[in-house]
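*Asks:* Below you'll find the structure I mean.
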Amino acid sequence: MKSWLIQGGRLIDPGQKLDEVGNLLITEGKISWLGSGEESPPHPNYSTLPAHGLIVCPGFIDLHCHLRESYLEEKETIATGTQAAARGGFTTICCMPNTNPPLDNAPAIDYVRTKAKTEGVVRVLPIGCISTDRQGKKLTQLGELASAGAFGFSDDGLPVLDAELMSQALEWSRTSGLPIINHCEDTTLTAGGVINEGRISLALGLPGMPAMAEETMIERDLKLAERTGGWLHLAHISTAGGVELIRQAKMKNIRVTAEVTPHHLTLTEERVIECGTQAKVNPPLRTQQDISALIRGLNEGVIDIIATDHAPHTKTDKRSDLTRAAFGISGLETTLGSLMGLVHRGQLTLTTLITKLTSEPARILGHRYGQLGTLAIDSPADITIFDPKKDWLVDLKTFASKGKNTPWAGFVLKGKVMATIYGGKMVYRDESGTTKTKIQETITKFK
Ligand code: DOR
């Protein structure tokens, strides 16, 4: 296996409180040495990878994405989804079980893991269903799914409405130590809704999805987590009220972790006016006040991680109007660029951003999969190298994902993944060498 010396980059590893310019050596798929510019690496045979002016950090970890295999391959496959992950700087991704049929049995989990090993370019950890066929009626064989390799459990796309079932799942979580991940939406309050309930839904005359639908379910789940002692992980939090409920729960030491998506941190409900169905997502894009609360929640540790909820769909799924189009945003490839906007505007520090994409999701994964989300010596060489200042055009033709559904198409983002290394192997390298002028040319062509 090729050895690499990554030279002169700013090495940031929040888990080890490391932030300094230096060199990093990869041998046999592992991080073998870190040193300052003056020291020579112990091992003389390597290829060099210049990283001057670039950030070198642990590979990003996404605890929530949709890979669609099996039987929804027109939307995405394990091959295309993991390539998209690599382009986005992710070296570990957890895929949701809302495939067709869903991942509600051990052979289905096994299928994803086996396929990911042969066709995937990054690590894939499947999430199993909480209920059989995601019907919300009967618990799956959670233990069997866990033995087959499920990292956690969710009916994502749908909430677990039945409180007794959710309670049983959380009871099981207490003894197994694995998370129960709920999609917090009281569907009796959102029925027929397509965008956030508020100013824009009123103006467009569209049925809305109220913030309360998320908040009431979070409240219920927190009570169940408190009663059972199980580990509740809350998916894609989108409301200011939700952040407050989680804050209070953490103060009471309830076992809860929470995630927020890049789109809920960066886009308001207004985006549907400009981008139509490309901005239709569940939970819906909310208000500036919600965004501010989510960012504050992230900065204060109320929200533990950023997860993409990468939800690829076909052109046909998104072509119709807002009432009929599918919910979801293809997010793996725009995560860094969109979130770097928050860093450039001083709303999030670079370290916090990297923490929420590396060491914090690694903490949630625990040690079952080895030492992830770190640049520590002897850990797998899962590394992301990015240029925090590089402007790039979101051009759908360059997407590896089959899902071209993004409200970022045609926008220029500042912050670009330059290379992704997984287990010592280069799985993505930016070859564009795009300069500012080149971007201008591309924008003109694009228009
Ligand atoms: O917008 C969404 N799309 N939200 C979900 O919870 C599910 C996802 C999907 O699977 O397309």
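Coordinate-derived values only; no laboratory data. Computed from a predicted model, the values in this text were never measured in an experiment. Here Cβ is always computed from backbone atoms with ideal geometry, including for glycine, and neighbour counts include all displayed protein chains.
*Asks:* Could you go through region 291-306 and let me know if any residue there is of a type outside the set (Gly, Ala, Ser), in contact (Cβ under 8 Å) with a residue 12 or more places away in the chain, under 28 Å from Leu232 (Cα atoms) and within 11 Å of the ligand (Cβ to nearest atom).
*Replies:* no
*Asks:* Take Arg220 and decide whether it is surrounded by fewer than 23 Cβ atoms within 10 Å (Cβ to Cβ) and either out of contact with any strand residue (DSSP E or B) (no Cβ under 9 Å at 6 or more places or on another chain) or in a loop (DSSP other than H, G, I, E, B) (or both).
*Replies:* yes
*Asks:* Being among the small types (Gly, Ala, Ser) and crowded, with 24+ Cβ neighbours inside 10 Å, is that true of even one residue in region 339-358?
*Replies:* no
*Asks:* Of all residues in region 223-240 being surrounded by fewer than 18 Cβ atoms within 10 Å (Cβ to Cβ) and either in contact (Cβ under 8 Å) with a residue 40 or more places away in the chain or of a type in the set (Phe, Trp, Tyr) (or both), which is farthest from Thr358 (Cα to Cα)? Step through it out loud before you land on a result.
*Replies:* To start, the set of residues in region 223-240 that are surrounded by fewer than 18 Cβ atoms within 10 Å (Cβ to Cβ) comprises 223, 226-227, 229.
If we keep only those that are either in contact (Cβ under 8 Å) with a residue 40 or more places away in the chain or of a type in the set (Phe, Trp, Tyr) (or both) as well, we get 227, 229.
Values: Arg227: 31, Gly229: 26 Å.
Per the stated criteria, the residue is Arg227.
*Asks:* A follow-up question, please. List the pairs whose first member sits in region 408-421 and is closer than 9 Å to Ala86 by Cβ, whose second member is polar (S, T, N, Q), and whose Cβ atoms are under 8 Å apart, counting only residues at least 6 apart or on separate chains?
*Replies:* Short answer, once both residue conditions are applied: Val417/Thr384; Thr420/Thr91; Thr420/Thr384.
*Asks:* Take Val272 and tell me if it is surrounded by 24 or more Cβ atoms within 10 Å (Cβ to Cβ), within 15 Å of the ligand (Cβ to nearest atom) and more than 20 Å from the chain's Cα centre (by Cα). Step through it out loud before you land on a result.
*Replies:* Details: surrounded by 24 or more Cβ atoms within 10 Å (Cβ to Cβ): yes; within 15 Å of the ligand (Cβ to nearest atom): yes; more than 20 Å from the chain's Cα centre (by Cα): yes.
Spelling it out, Val272 is indeed surrounded by 24 or more Cβ atoms within 10 Å (Cβ to Cβ), within 15 Å of the ligand (Cβ to nearest atom) and more than 20 Å from the chain's Cα centre (by Cα).
*Asks:* So, of the residues in region 307-317 that are buried (at least 24 other Cβ atoms within 10 Å of the Cβ) and part of a loop (DSSP other than H, G, I, E, B), which turns out to be nearest to the ligand (Cβ to nearest atom)?
*Replies:* Out of the qualifying residues, it is Ala311.
*Asks:* Given the options Ala163, Ala191, name the one that is more than 25 Å from Ile295 (Cβ to Cβ), small (Gly, Ala, Ser), surrounded by fewer than 20 Cβ atoms within 10 Å (Cβ to Cβ) and without any contact (Cβ under 8 Å) to a residue 12 or more places away in the chain.
*Replies:* Answer to the selection: Ala191.
*Asks:* Is it fair to say Cys57 is in contact with a His (Cβ under 6 Å, 6 or more places away or on another chain) and not charged (D, E, K, R)?
*Replies:* Taking the combined requirement at face value, the residue does not satisfy it.
*Asks:* Collect the residues in region 138-165 that are touching a Lys or Arg at 6+ places or on another chain (Cβ under 8 Å) and either assigned to a helix (DSSP H, G or I) or on the phi > 0 side of the Ramachandran plot (or both), keeping them in residue-number order.
*Replies:* Ala148, Gly149, Gly157, Ala163, Leu165
*Asks:* Identify, by number, the condition in (1) more than 16 Å from the ligand (Cβ to nearest atom); (2) free of Cβ contacts under 8 Å to residues at least 60 places away in the same chain; (3) touching a strand residue (DSSP E or B) at 6+ places or on another chain (Cβ under 9 Å); (4) of a type in the set (A, V, I, L, M) that Val243 doesn't meet.
*Replies:* (2)
*Asks:* Select from region 251-269 the residues that are more than 15 Å from the ligand (Cβ to nearest atom), touching a residue at least 12 places away in the same chain (Cβ under 8 Å) and part of a loop (DSSP other than H, G, I, E, B) and list them in ascending order.
*Replies:* Within region 251-269, Lys252, Ile254, Arg255, Thr268 meet the criteria.
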